[in-house]
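One structure below.
Values quoted throughout were computed directly from the atomic coordinates according to the rules given, and no laboratory measurement underlies them. Computed from a prediction, not measured in an experiment: that's the story for all the values here. Note: ideal-geometry Cβ built from the backbone for every residue, glycine included; neighbour counts use all protein chains shown.
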Amino acid sequence: MTLTLDSFEFVADLVRRRSAISLGPGKEYLVESRLAPLARERGDDVEGFVRRLRQGSDLGLQEAVVEAMTTNETSWFRDHQPFDALRSMIVPMLLEGRVVPRLDVWSAACSTGQEPYSIVMMLDELLPEHALVNVTATDLSNEVLDKARSGSYTQLEVNRGLPAPYLVKHFRREGAAWTIDARMRQRVRFLRHNLLDAPPAGGPFDVVFLRNVLIYFDLPVKQQILRRMAQVMRPGGFLVLGAAETTVGVDDAWERVPVGRTSVYRLGPGRTS
């Protein structure tokens, strides 16, 4: 059964209240396609599923709907340019003058773990053995976090952007899957976190990756999230956004810093947003 407008608006309102993700007109097919598997699991069609959801007594069901609406597209070293910036400018600038090489990174909306594991593998290559590296990786979805914690990926998944030298150095074959080694997993702490809530423990952070997330929020929520990012940044830290995202015209506390074919963002002098 096709999702009615009334049901779509109910689900969109639920998702907005629980996650601030905006599902405007034109997203009806997306909502229906994401709800269909949940409905089938319960032996129902989508409209019947929404009727059950409207009863409001099953908070776990509401959480499952919000997680289903979260886009979890990811790959290793996705888009390359942010990681080129990490290698060529961000890490050298952050470590300049530090007696003990230490970096604290937050990978927000980390999905199934490819981004934070890409970060720790690159930092392992760039930093000396005695360096302290801590990566906090967060997502709204418990399902993708469980996958990320396992560190286990299919051949198809490792083929999506993982350079062969990293595969050979940091992964072992287990049947049909590839599992990242324990040393890399130990450097990443996975936590469930909603960007509308207070930032997770683990800061202050030198670098925050918040890529391809702000595009789903309206302006006031974007401003709120950027203010929270600023509160947990170490002085001189960097914010890395998606290619279609910017702080320009959203929060003027941030300075755009061009790096090659991309840009990263830093808080202006003396600013805490």
Task: 0 to 90° range, to nearest 10: angle between helix 5-19 axis and the chain longest Cα axis - done: 30 degrees
Open item on the list: What are the extents of the Cα atoms of the range 5-68 along their three principal axes, in Å, largest first?
Closed with: 28, 22, 19
- [ ] Using just the helices of the chain, give the 222 nm mean residue ellipticity in deg cm²/dmol: DSSP H runs with n ≥ 4 each add -39,500 (n - 2.57), and the total is spread over all residues, rounded to 500.
- [x] -11000 deg cm²/dmol
- [ ] Starting from the Cα of Lys27, draw a straight line to each of the lysines and keep only those under 29 Å, dropping any in the same chain fewer than 8 residues away.
- [x] Lys147, Lys222
Task: Amide H contacts of Glu255 (H built 1.01 Å from N, under 5 Å, at least 5 apart or other chain) - done: Arg266, Leu267, Gly268
- [ ] Calculate, for Ala198 and Met93, the FRET efficiency according to 1/(1 + (r/R0)^6) with r their C-beta to C-beta distance and R0 35 Å; round to the nearest 0.05.
- [x] 0.80
- [ ] Output the peptides 74-85, 255-266 sorted from most to least packed, where packing is the average of other Cβ atoms within 10 Å over each peptide's residues.
- [x] 74-85, 255-266
Open item on the list: Viscosity 0.890 mPa s, temperature 25 °C: what is the translational diffusion coefficient of the range 81-267 from Stokes-Einstein with a Kirkwood Rh over Cα pairs, rounded to a whole number of µm²/s?
Closed with: 144 µm²/s
Task: Dipole magnitude of the chain, debye to nearest 20 (Cβ charges: Lys/Arg +1, Asp/Glu -1, about Cα centre) - done: 660 debye
- [ ] Which order do the peptides 210-216, 123-129 take when ranked by the mean count of other beta-carbon atoms within 10 Å per residue, highest first?
- [x] 210-216, 123-129
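Pull out the extension gain between Ala164 and Ser22, defined as 0.36 nm times the separation in residues minus the alpha carbon to alpha carbon distance; nm, one decimal.
Here the answer is 47.3 nm.
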